[in-house]
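A short worksheet on the structure shown next.
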Amino acid sequence: MILRMIEDHKSSVESACETARDILSRTDDSREKRLVSADIDSLMTHWTSINTTAVNQLTAVEAGLAAANDYQGKADPFYDWLESMEKKVAGLELASADTEAIQQQIALQRVSFFVVVVVLVLVVFVVVVVVSIVVVVVFVALEYALADTEAIQQQIALQRVSLL
């Protein structure tokens, strides 16, 4: 909207500059010419500064909006998970004095902990496998690069020998 407002005033600025140039062309007074020329330069400098500032501020707002959208995209799944956990916690019954109920709750907690540990181990395993694959690919690429380098060096040596 601000850029549109600035654009709307562009014709006024251009008209003022044209009028000033017209006055400048009709006057013979060198002092007057210098003053009008300085005014034109000042007006154009100010106009350029306004445009630059508006564009920079628009860019900053767009970057802030993108960051806010990125945060929102990442926060929403977390909030959903948190809400579901709050509902689960609210649904838990208080531990009674009944030892069997307490043991059942302990068993459930152990199973949950075991599942978390298994998932973490699987994630670590996948990361290790991916890193291993990347390392192998890098070594293979280096090996090909070294082989190409050796072949180029051999060709250069053969060319040197043939030149001698």
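The values are calculated or read from the model by the stated rules, or taken from the named source; none is laboratory data. Everything numeric in this text was worked out from a predicted model, so none of it was measured. Here the Cβ positions follow ideal geometry from the backbone for every residue, glycine too, while neighbour counts run over all protein chains shown. Surface accessibility is based on the protein's heavy atoms, side chains included, excluding ligands, DNA and RNA. Shrake-Rupley method; radii C 1.70, N 1.55, O 1.52, S 1.80 Å.
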Handout entry: Solvent-accessible area, 1.4 Å probe, carbon plus sulfur percent, for the chain
Key = 66
Exercise for the section: Excluding residues fewer than 8 places away in the same chain, name every one of the aspartates and glutamates whose C-alpha is closer than 17 Å to that of residue 33. Expected result: 18, 22, 41
Exercise for the section: Measure nothing but the geometry: give the 0 to 90° angle between the long axis through the Cα atoms of 30-91 and the longest principal axis through the Cα atoms of the chain, rounded to 10°. Expected result: 10
Completion exercise
Options [x] 16.5; [y] 27.5; [z] 16.0 are given for mean projected area of the Cα convex hull in nm², and the computed one is [y]
Exercise for the section: Show which lysines lie in cross-link reach of residue 87 when reach means a straight Cα distance below 28 angstrom and same-chain residues fewer than eight apart are skipped. Expected result: 74
Practice task
Could you state the angle between the C-alpha long axis of helix 99-163 and the longest principal axis of the C-alpha atoms of the chain, as a value from 0 to 90 degrees rounded to the nearest 10?
Solution key: 60
Practice task
Can you tell me the relative contact order of the chain? Whole percent, Cα pairs under 8 Å, sequence separation 6 or more.
Solution key: 14
Problem - Accessible area (Å², per residue) of the chain, counting only protein heavy atoms and a probe of 1.4 Å - result: 86
Handout entry: Along each principal axis, Cα extent of segment 1-60, largest first, Å
Key = 47, 17, 8
Practice task
Only Cα pairs under 8 Å and at least 6 apart count here; give the relative contact order of segment 1-64 as a rounded whole percent.
Solution key: 40
Exercise for the section: Any chance you could give the angle, 0 to 90 degrees and rounded to 10, that helix 2-26 forms with the longest Cα principal axis of the chain? Expected result: 20
Fill in the blank from the handout: Straight-line reach check, residue 88, cutoff 15 Å on alpha carbons, 8 or more apart in-chain or any other chain, hits among aspartates and glutamates -> 80
Problem - Dipole magnitude (debye, nearest 20) for segment 33-131, charges at Cβ of Lys, Arg, Asp, Glu - result: 440
Completion exercise
Mean shadow area (nm²) of the C-alpha convex hull around segment 40-108 is 7.1
